[in-house]
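The values are calculated or read from the model by the stated rules, or taken from the named source; none is laboratory data. Small disclaimer: the values here were computed from a predicted structure and weren't measured. Cβ placement follows ideal geometry from the backbone for every residue including glycine, while neighbour counts extend to all protein chains displayed.
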């Protein structure tokens, strides 16, 4: 039995991702991994396996022929999905038979959708991660004709589940101060919190530009020595428009950093499409740590939040095979 799926059609930026790297900054390699770490955690919760590699679909998915029985989970930015032309529920885990064709369309909202599979996608690993980091030349963009190998599924019976959304997207994105924040005047820091930014069309997995009519340029900021930067840092280049770093960011930079986004809120920035309005709010280091601990608790409990999918009888093609009445009644019992 061939445990794999065949890529028949694919979007322009579909890559294999997992949680990325730890402890590689000194090598010049940033965290990488899934742009939306919450969506990755949701995929793992649905599949019931951790640390497996998934497909990250930027903007659109593709068409895949499954060559062996498998389980799949769909999370992240909602995309239209069908299995042999039958609709699939997003944020759910489903059973797929050998020979069936899975088709995933463009994102309806958000930027990154995720396809997980029982056993995970098996690709070469570098320093423990199977993630694709295009800037570092690691991994590759999935192409038509690729045969993606699948690992051994440890929980083949975990199917027919959906994970209700537990995200909060209406509040300002929380940030903490960096070593450079105090270099910006009080008025500039206050304006940063009061300004509604718009996610620019300029952006990718390395970072996104935040547009507004105001310049946040720091006088003399171009003379700051290059320092270590990480995903979540908000740099202010010379033209004054902030730039939020994402998963594939560089590891050093000389632009002043006005703030740093909490890791638990960074998926909201990653999923913002061009034109999305974003607000930021400074929180204390202590509040930031508390928020991160709370997010860890939520993610650890995602598996328990999965509930059975309630199927719409209108969409059950084999409805007549179900025993809908368990016995006969006379109509006089009431």
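Looking at 45, 73, 81, 116, just one residue is touching a helix residue (DSSP H, G or I) at 6+ places or on another chain (Cβ under 7 Å) and free of Cβ contacts under 8 Å to residues at least 60 places away in the same chain, and that residue is 73. Taking the stretch 105-121 as the range and being buried (at least 16 other Cβ atoms within 10 Å of the Cβ) and either at pLDDT below 95 or within 19 Å of residue 205 (Cβ to Cβ) (or both) as the test, the residues that pass are 107, 110, 111, 112, 113, 114, 115, 116, 121. Only residues that are in a helix (DSSP H, G or I) and closer than 24 Å to residue 224 by Cβ were counted across the stretch 252-309, and they come to 4. Name the residues in the stretch 237-254 that are surrounded by 15 or more Cβ atoms within 10 Å (Cβ to Cβ) and free of Cβ contacts under 8 Å to residues at least 24 places away in the same chain, would you? Matches in the stretch 237-254: 237 only. Taking every residue in the stretch 130-145 that is in contact (Cβ under 8 Å) with a residue 12 or more places away in the chain and on the phi > 0 side of the Ramachandran plot and pairing it with any residue that is assigned to a loop (DSSP other than H, G, I, E, B) and loosely packed, with under 15 Cβ neighbours inside 10 Å, at least 6 positions away or on another chain, the pairs with Cβ-Cβ distances below 9 Å are 139/124. Residues of the stretch 273-286 that are at negative phi and in contact (Cβ under 8 Å) with a residue 12 or more places away in the chain: 273, 274, 276, 277, 278, 279, 280, 281, 282, 283, 284, 285.
Within the stretch 193-204, not a single residue is over 29 Å from residue 112 (Cα atoms), touching a residue at least 12 places away in the same chain (Cβ under 8 Å) and either assigned by TED's automatic domain parsing to the domain that holds residue 266 or more than 25 Å from the chain's Cα centre (by Cα) (or both).
For residue 157, the conditions (1) without any contact (Cβ under 8 Å) to a residue 60 or more places away in the chain; (2) over 24 Å from residue 306 (Cβ atoms); (3) more than 21 Å from the chain's Cα centre (by Cα) all hold with the exception of (2). Right, residue 135: assigned by TED's automatic domain parsing to the domain that holds residue 12 and out of contact with any strand residue (DSSP E or B) (no Cβ under 7 Å at 6 or more places or on another chain) or not? Against the criterion (assigned by TED's automatic domain parsing to the domain that holds residue 12 and out of contact with any strand residue (DSSP E or B) (no Cβ under 7 Å at 6 or more places or on another chain)), residue 135 qualifies.
Those strands (runs of 3 or more DSSP E) of the stretch 122-225 in which at least 2 residues are touching a helix residue (DSSP H, G or I) at 6+ places or on another chain (Cβ under 8 Å), considering only elements entirely within it, cover 173-176. Taking the condition farther than 26 Å from residue 76 by Cα, modelled with pLDDT under 95 and either in the same structural domain as residue 15 (by TED's automatic domain parsing) or surrounded by 12 or more Cβ atoms within 10 Å (Cβ to Cβ) (or both), does residue 224 pass? Spelling it out, residue 224 is indeed farther than 26 Å from residue 76 by Cα, modelled with pLDDT under 95 and either in the same structural domain as residue 15 (by TED's automatic domain parsing) or surrounded by 12 or more Cβ atoms within 10 Å (Cβ to Cβ) (or both). Considering the conditions (1) more than 30 Å from residue 281 (Cα to Cα); (2) assigned to a loop (DSSP other than H, G, I, E, B); (3) in contact with a strand residue (DSSP E or B) (Cβ under 8 Å, 6 or more places away or on another chain), residue 110 is excluded by exactly one of them, (1).
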